1. Please indicate, with yes or no, whether at least one residue in segment B:280-298 is buried (at least 24 other Cβ atoms within 10 Å of the Cβ) and within 15 Å of the chain's Cα centre (by Cα).
2. Determine whether residue A:63 is in a loop (DSSP other than H, G, I, E, B) and in contact with a strand residue (DSSP E or B) (Cβ under 9 Å, 6 or more places away or on another chain).
3. Looking at A:89, A:95, which one is free of Cβ contacts under 8 Å to residues at least 12 places away in the same chain, under 18 Å from residue B:185 (Cα atoms) and within 26 Å of the chain's Cα centre (by Cα)?
4. For segment B:238-262, name all the residues that are within 12 Å of chain A (Cβ to nearest Cβ) and either crowded, with 22+ Cβ neighbours inside 10 Å or in a helix (DSSP H, G or I) (or both).
5. Kindly indicate which of A:90, A:96 is closer than 26 Å to residue A:20 by Cα and out of contact with any helix residue (DSSP H, G or I) (no Cβ under 9 Å at 6 or more places or on another chain).
6. Going through B:131, B:146 one at a time, which residue ends up being modelled with pLDDT of 95 or more and either buried (at least 24 other Cβ atoms within 10 Å of the Cβ) or more than 25 Å from residue B:282 (Cβ to Cβ) (or both)?
7. Do we have residue B:152 as modelled with pLDDT under 95, within 16 Å of the chain's Cα centre (by Cα), within 14 Å of chain A (Cβ to nearest Cβ) and assigned to a helix (DSSP H, G or I) here?
8. In segment B:163-178, what residues are more than 9 Å from chain A (Cβ to nearest Cβ) and surrounded by 19 or more Cβ atoms within 10 Å (Cβ to Cβ)?
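The values are calculated or read from the model by the stated rules, or taken from the named source; none is laboratory data. Quantities reported herein were computed from a predicted structural model and do not represent experimental measurements. For neighbour counting, all protein chains shown are included, and Cβ atoms are generated from backbone atoms with ideal geometry for every residue, glycine included.
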């Protein structure tokens, strides 16, 4: 199972990096969304994948009696999903607002903060 | 009854049974107070006249709790508190050592001064948009990052202060801000996601996320796990957060766009969190791997210093000059990380204290000059020496501090770093640090020459706003700069203890896992 998932994750990373290398904000954002999903799958795989029961201790026992699935990666992924979702929502709004106000989603055209051909500072009085 | 006793004994293996003493709550207070205050301020969104008072009160409380925490850490050693009573490594630990506690203290001081300055700088509209709640949540994230003992938790705190910093950065929504924030947000999000990838690979190899647990187990995994890869990924991810060359382009694109007090806090605090995370992971968790990467880190450090300060030489806008000075300071700090000796690391830590205070003060100084003359450009600013001698005095002291000249605080960390570089046998790194000092003197000296000394071309600008609040803020920051410059011994002692604490992590590990805990 792990090799298959590793290949899928590799594909995710490749696609997301390809998209993030684009000049257009919207493609970069799609890349970021896929990137964060690739990370979630990485955490999932890093926690070892087993076809086992949920980690619930049966009645009358004090410890698990057999190998159980690891619940921690799922908690980590849940945290990461919440965070990356909120960031993605913020970035979408920001990109839309930038598109409306700056009239472009091409990063080459977004030069307001660092204008081209600025004057050098004065060399003397 | 006997069964109950056995059960209690079993529980003692998994849970902290003794209640946490009231005094130990000081570990989480620097995080809890800003979060509560931030939530409260969010609920009082419309009552803008209460915002400043509440935020300053809360930051003052945070500052005092940080003073208490640092005092306790210095006298009793690292202080640990584990959430939810689960014993580490299962519960999330907060572990304050000298490094984390001292950096948290300086960061809170800077934020407190920023909050005071913001009374004048941020008007009702900015407050309605949530300046103070964002500031409080950002400080909660920064404090959490400095004090947590769990690497996934560190990621969460990074995200907490990152999303608050987005809010602060875009506050006002002017066009250059939208432009700058877009670049800042996307590149920083990629940086923290890289950090998360590293954490997941680390978890896959170690099966634990507790930093003390990772530090004590690292030796067992050297043969089987790709620890050097993990260290290199940490270097890339945190190097991006710290604005190290060549992954620093988000900083000059964004730091000059927001309100000046926001720029001051970002320039002062945020990059140092990246440097702190580098120290924590590379020095404490993976020391041997840091050794392997040290040459790479050293070249990165030298490039960051030199290219950063050369960028500053080419700028006309004071805020952009300062953005590049921040970058070159990060390079100086990375030099100590590359050296990895006790002296080099204490130089790095000392430089972080110094840089937090001085960079914030320099940005606030730019804000005061803008308040008086209405501009940030070196072309038009002039004549402050004649019209406002106090501004000139602050500018001179802060310029000397940033360039590393006596009598200000920048001298001593550079002395430590240069000596460590020569002792290690890397004179070229010492040369890079000294050359950076010279170029910083040129860049900021020109600023002093043009904006302060140059005779005004027209009549002196008359400003309606009194810079009194700015003078208070600058005074509070300039005092430690001068005092540390004149009498650096106590700060050097703290920095040395902080460096010793991460170089030999046995005390840190011992305080997270006291005798009798499950192995």
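1. Looking through segment B:280-298, at least one residue is buried (at least 24 other Cβ atoms within 10 Å of the Cβ) and within 15 Å of the chain's Cα centre (by Cα).
2. Details: in a loop (DSSP other than H, G, I, E, B): yes; in contact with a strand residue (DSSP E or B) (Cβ under 9 Å, 6 or more places away or on another chain): no.
No, not satisfied.
3. Checking each option against the conditions leaves just A:89.
4. Answer for segment B:238-262, where residues must be within 12 Å of chain A (Cβ to nearest Cβ) and either crowded, with 22+ Cβ neighbours inside 10 Å or in a helix (DSSP H, G or I) (or both): B:250, B:251, B:252, B:253, B:254, B:255, B:256, B:257, B:258.
5. On the way: A:90 fails: out of contact with any helix residue (DSSP H, G or I) (no Cβ under 9 Å at 6 or more places or on another chain).
Result of the check over A:90, A:96: A:96.
6. On the way: B:131 fails: modelled with pLDDT of 95 or more.
Result: B:146 is the single residue among B:131, B:146 that is modelled with pLDDT of 95 or more and either buried (at least 24 other Cβ atoms within 10 Å of the Cβ) or more than 25 Å from residue B:282 (Cβ to Cβ) (or both).
7. Working: modelled with pLDDT under 95: yes; within 16 Å of the chain's Cα centre (by Cα): no; within 14 Å of chain A (Cβ to nearest Cβ): yes; assigned to a helix (DSSP H, G or I): yes.
No.
8. B:164, B:165, B:168, B:169, B:171
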